[in-house]
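*Asks:* Quick one: the structure is below, questions incoming.
The values are calculated or read from the model by the stated rules, or taken from the named source; none is laboratory data. Please read these numbers as outputs of a predicted model, since none were measured by experiment. Don't worry about glycine lacking a Cβ; one is built from the backbone with ideal geometry, like all the others, and counts go over all protein chains shown. In case anyone asks, the SASA skips ligands and DNA or RNA and just uses the protein heavy atoms, side chains included. Shrake-Rupley method; radii C 1.70, N 1.55, O 1.52, S 1.80 Å.
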Amino acid sequence: LFAAYWFVIASLAAQWADDPNYAHGFFVVPMAAVLAWRRRARWRETPSRPDRRGFILLGTAGVLYVAGLLAAELFTMRVSFVLAVAGILFTLEGERRFRVMGFPVLFLLAMVPLPYVFYYKLTFPLQLESSRLAAGFLSGMGMPLVREGNMIHLEGYSLEVVTACSGLRSIMTLGTLALFMLDFLRLAPWLRVVFMLLSIPIAVAANVGRLILTAGLAAIQGPDAAESFLHELSGLVVFVFGM
């Protein structure tokens, strides 16, 4: 498995290190390990019965691997790695043990970055919505401004809601945390869905809060303050608040 996927795993780690949007990928494997460790008693109590149906998952992973290799498309190959791990688990240990460890294994999908073509299709609408909400809040506070798309023009300062400030980064990170926390919460199935979906508006609200703080810094202390370390600090503060 690792002989076939070593370059896929290496490219994953490289993207986590280079792309701040997916830095949370480093934490997904340890989080999956925690989820698996919580199931160790059920794993021991469940008998192992190898099941040939696991070859369906392995075959699907193989098809995705070859397709990704021929198309030079890493996303497909990364997904196939997780499916291959799931297929090996199902084949060697059987359906009942797969039910025990299926969630920690499939949780690994959270470490797979979105293809950039989808990423940018999602970020631009979020940029416009975040700028609209932030401009509406600032205008309601009595701050004179003009909004043009994802640009908010203040007196003496223009705030651009760039891709990194779209909120998608927070949505992915908070969504991963919400999925992880579901394992520790005793909630009805419909409440689990609500809990997961709430990560989206909370992440957007936290991002809008950061834009408002940045505009406030620019208005009170000048444009230089809005682009200083306080800008990064405000991002950390609103993320922790959202979490």
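*Asks:* Residue check, L114 against (1) among the aliphatic types (A, V, I, L, M); (2) surrounded by 20 or more Cβ atoms within 10 Å (Cβ to Cβ); (3) within 21 Å of the chain's Cα centre (by Cα); (4) not in a helix (DSSP H, G or I), all met but one. Which one?
*Replies:* L114 satisfies every listed condition except (2).
*Asks:* Now for a different question. Of all residues in the stretch 138-174, which are in a loop (DSSP other than H, G, I, E, B) and under 30 Å from F118 (Cβ atoms)?
*Replies:* Correct list: G149, N150, V161, V162, S166, G167.
*Asks:* Within the group A215, A135, A203, which residue is farther than 30 Å from W37 by Cβ, assigned to a helix (DSSP H, G or I) and either modelled with pLDDT of 85 or more or under 20 Å from the mean Cα position of the chain (by Cα) (or both)?
*Replies:* Testing whether each residue is farther than 30 Å from W37 by Cβ, assigned to a helix (DSSP H, G or I) and either modelled with pLDDT of 85 or more or under 20 Å from the mean Cα position of the chain (by Cα) (or both) leaves just A135.
*Asks:* Of L185, L179, which residue is over 25 Å from F124 (Cβ atoms), open to solvent by 40 Å² or more (accessible area, probe 1.4 Å) and touching a residue at least 12 places away in the same chain (Cβ under 8 Å)?
*Replies:* Sole residue among the options that is over 25 Å from F124 (Cβ atoms), open to solvent by 40 Å² or more (accessible area, probe 1.4 Å) and touching a residue at least 12 places away in the same chain (Cβ under 8 Å): L179.
*Asks:* Let me ask you something else. What's the total number of residues in the stretch 138-162 that are at pLDDT below 80, of a type in the set (G, A, S) and either surrounded by 11 or more Cβ atoms within 10 Å (Cβ to Cβ) or closer than 24 Å to Y120 by Cα (or both)?
*Replies:* Residues flagged as at pLDDT below 80, of a type in the set (G, A, S) and either surrounded by 11 or more Cβ atoms within 10 Å (Cβ to Cβ) or closer than 24 Å to Y120 by Cα (or both) within the stretch 138-162 amount to 1.
*Asks:* Within the bounds of the stretch 70-78, is there any residue that is buried (at least 18 other Cβ atoms within 10 Å of the Cβ) and of a type in the set (A, V, I, L, M, F, W, C)?
*Replies:* So far as the stretch 70-78 goes, yes, one or more of its residues are buried (at least 18 other Cβ atoms within 10 Å of the Cβ) and of a type in the set (A, V, I, L, M, F, W, C).
*Asks:* Sticking with this structure for a sec: Within the stretch 119-137, count every residue that is under 15 Å from N21 (Cβ atoms), of a type outside the set (D, E, K, R) and open to solvent by 10 Å² or more (accessible area, probe 1.4 Å).
*Replies:* 5
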